[in-house]
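A short reminder: the numbers here are calculations on the coordinates, not readings from a lab. Keep in mind it's a predicted model, so treat the numbers as computed, not measured. All Cβ positions, even for glycine, are placed from backbone atoms using ideal geometry, and neighbour counts span all protein chains on display.
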Amino acid sequence: MGQYQTRFGSMADYAKGGVAIINDDPKNYVFSNVFEVAEKSAPWERVAVAKNFEYVIEAARAEGTSPWYACAHDEFVLVMDGQVEVHLLKPATPLVDAGQQGAVELADMPDGAKMGRLVLERGHQGLLPAGSAYRLHADNVSCVLIQTIAGPVTVQKWADICQS
Amino acid sequence: MAILESATAAAAAKPLSDNVVTHAEVGPIDNATGYRTFTAGDFHFRRDEYFARITWPAGGSHVAPIDAFLRALMRDVAWGFFYGTVNFDDVVGTVNHYGEVTLFAGTYNDAYRDAGRDFSQRFPSEVLGPLFKEMITDWTNAGYDPFAAPMETGVPWGAKNGSNLEAVNRVRVAARRMVGLPGDTPVRTDDNGFPVNRMFADVDQRQPLVEAEPGFEGEVSAYNLFGYLSRSDVTWNPSVCSVVGESLFCPTSEEFSLPVDHGNDRCEWFITLSDEIVWDIRDKVTGRPRAKLVAKAGDVSCMPADIRHKGYADKRAMLLVWENASNRIPEMIAAGEAPNVSVTW
């Protein structure tokens, strides 16, 4: 290691910054912290921390095993803290309409072919491919970000998570 | 930066506006300094040993330290004029109309505008872009890299002394789906010329475990994004790493200060992935301060569509810049059909 120490955050150890207003409304900056959001959320609650028209970035507390999800478009998962395992499955028949936006929670594991497995640690980004079904698992409490489109499982609770 | 390729390609099909200026000229070599002069419409650019000097009609003139000017010019060239306004400083900059671009002096400065001393001209992007590229090529000396952090490059001062074509001609990085997928942008390694930066020597370089069943090798994929960013050889240069429709993850590494004051024409989101970045936020039109923002690892913030921002990072930091690349957004915001802030509660 050199003389510099890179400071990543974690749910157990993060320091939050903030907005200092000169002449504005702090709500305009929609300021939150992904570790704080995950810390205060239920396991696998997919909370939007950023939104731009239909697109969102969701933060989730990864703990135990998630439901199975399906999505018509690509999504990407980025591990911010801990370790997360991703199981991918190619459904025997399409589970969501081609135009469906965002992930859909499934009642159970669907029929289909096993695609493979990812084991992601902090800083690793993985593809959740369009048309697949997936389930995440974390032995220990972890934190993930998901690049996706707002959909049925996206939780929007801006007043609870943002500086105002 | 290829972020804008789709928007620019769509705009290129549109006819030019009536008021565009198409005159651009590379001038002769100055006998004293060895640098060329450049003309864009009624703007004239000259550099000497320490400064860029810009003039425009009715006696308008501006002097900018050459290090700051080259760092800003390099981003404007590489980003294809980026989204919205690129203020080189408080006086000079460009506004991207996606196919056309306005070059301005004082337009986004209260004092200049109130005194009637502002001036601007609109050019086809294909006219101003190549001229700016010629300028950064000619004005960058051997050993100086305008994309690098100041402590990691030589100095820009002095008379003409060679060139640094490798630095100013860097290939733009834009993943089509995700870094590391077959046929997409490759991961960075020592072997392909991307050693770990001195300030990220402690970043874990291990790659994720990827187990793909036969037939799914092209879709079961992951890579170490933090390792990828730790190997960036440039600063303040967002590069596309993953794509969902128009949603672009454009992470970047940041050290020293953002060389431009970026004026947004749409909401832009920041997630600080490591360390700390301080942002000065001012009104896009007037330049008056509106807020200061301290962003630490894990912090999320929105830059509204009516501000300009400039960032500062002492320790090199990782920043996830998130863009919605839709070319409809600036028009919708300008027409009042979309808000300046994409979330309200």
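In whole angstrom, note down how far apart the Cα centers of segment B:287-345 and segment A:21-82 are.
First find each Cα centre; the distance between them is then 17 Å.
Based on DSSP H runs of at least 4 residues, each adding -39500 (n - 2.57), what is the mean residue ellipticity at 222 nm of chain B after dividing by all its residues, to the nearest 500 deg cm²/dmol? List each step's numbers first, then the result.
Values: 7 runs with 57 residues, N = 345.
Using -39500 (n - 2.57) per qualifying helix, the result is -4500 deg cm²/dmol.
Compute, for segment B:268-345, the length of the dipole vector about the Cα centre, with Cβ point charges of +1 (Lys, Arg) and -1 (Asp, Glu) only. Units Debye, rounded to 20. It would help to have the intermediate numbers written out before the result.
Working: 11 positive and 11 negative charges, 55 e Å.
About 260 debye.
At a 10 Å Cβ-Cβ cut-off, how would you order B:Asp233, A:Asp81, B:Asp191, fewest neighbours first? Mind showing how you got there, number by number?
Values: B:Asp233 18, A:Asp81 29, B:Asp191 7.
With the sparsest Cβ surroundings first, the list reads B:Asp191, B:Asp233, A:Asp81.
Determine ³J(HN,Hα), in whole Hz, for all residues of segment B:176-186 in sequence, where each value follows from phi through the Karplus function 6.51 cos²θ - 1.76 cosθ + 1.60 and θ = phi - 60°; x replaces Gly and Pro.
With coefficients 6.51, -1.76 and 1.60, one gets 7, 10, 7, 3, x, 6, x, x, 9, 4, x Hz.
Between helix B:125-139 and chain B, what is the angle of the helix's C-alpha long axis to the longest principal axis, kept within 0 to 90° and rounded to the nearest 10?
The helix B:125-139 is inclined about 90 degrees to chain B.
Relative to the Cα centre, what is the charge dipole magnitude of segment A:45-157, using +1 at the beta carbon of each Lys and Arg, -1 at the beta carbon of each Asp and Glu, and rounding to the nearest 20 debye?
Working: 9 positive and 14 negative charges, 21 e Å.
It works out to roughly 100 debye.
Using each residue's phi in segment B:314-326, evaluate 6.51 cos²θ - 1.76 cosθ + 1.60 at θ = phi - 60° and report the 3J(HN,Hα) Karplus result to the nearest Hz, with x for Gly and Pro.
6, 6, 3, 10, 9, 10, 8, 8, 10, 10, 9, 7, 4
What are the residues whose amide H is under 5 Å from the amide H of B:Arg231, where those residues sit 5 or more places off or on another chain and H is modelled from the backbone?
Those lying under 5 Å, H to H, from B:Arg231 are B:Asn197.
Ranking B:His262, A:His87 by Cβ neighbours within 10 Å, fewest first, what do you get? Intermediate values should be presented prior to the final figure.
Values: B:His262 24, A:His87 18.
Ordered by Cβ neighbours within 10 Å, fewest first: A:His87, B:His262.
Hey, got the dipole for segment B:195-345? About the Cα centre, +1 on K and R Cβ, -1 on D and E Cβ, debye to the nearest 20? Don't jump to the answer; show the numbers that get you there.
Numbers: 15 positive and 23 negative charges, 139 e Å.
So the dipole magnitude of segment B:195-345 works out to roughly 660 debye.
Please list, in chain and number order, the residues 5+ apart from A:Ala103 or on another chain whose amide H is under 5 Å from its amide H, with Hs placed from the backbone.
Sorted by chain and number, the residues that satisfy this are A:Ile149, A:Gly151, A:Val153.
Between segment B:67-81 and segment B:96-162, what is the C-alpha centre distance in whole Å?
Cα centroid of segment B:67-81 versus Cα centroid of segment B:96-162: 6 Å apart.
Using alpha carbons only, how many degrees (0 to 90, rounded to 10) separate the axis of helix B:66-78 from the longest principal axis of chain B?
Once rounded, one gets 60 degrees.
Per residue of segment B:98-111, what does 6.51 cos²θ - 1.76 cosθ + 1.60 with θ = phi - 60° give for ³J(HN,Hα)? Whole Hz please, x for Gly and Pro, Karplus curve as stated.
6, x, 10, 9, 9, 9, 10, 9, x, 5, 10, 9, 3, 5
If each residue's Cβ is checked for other Cβ atoms within 10 Å, how do B:Ile277, A:Ile149 rank with the fewest at the top? Numbers along the way, then the final one.
On the way: B:Ile277 26, A:Ile149 21.
So the residues, fewest neighbours to most, are A:Ile149, B:Ile277.
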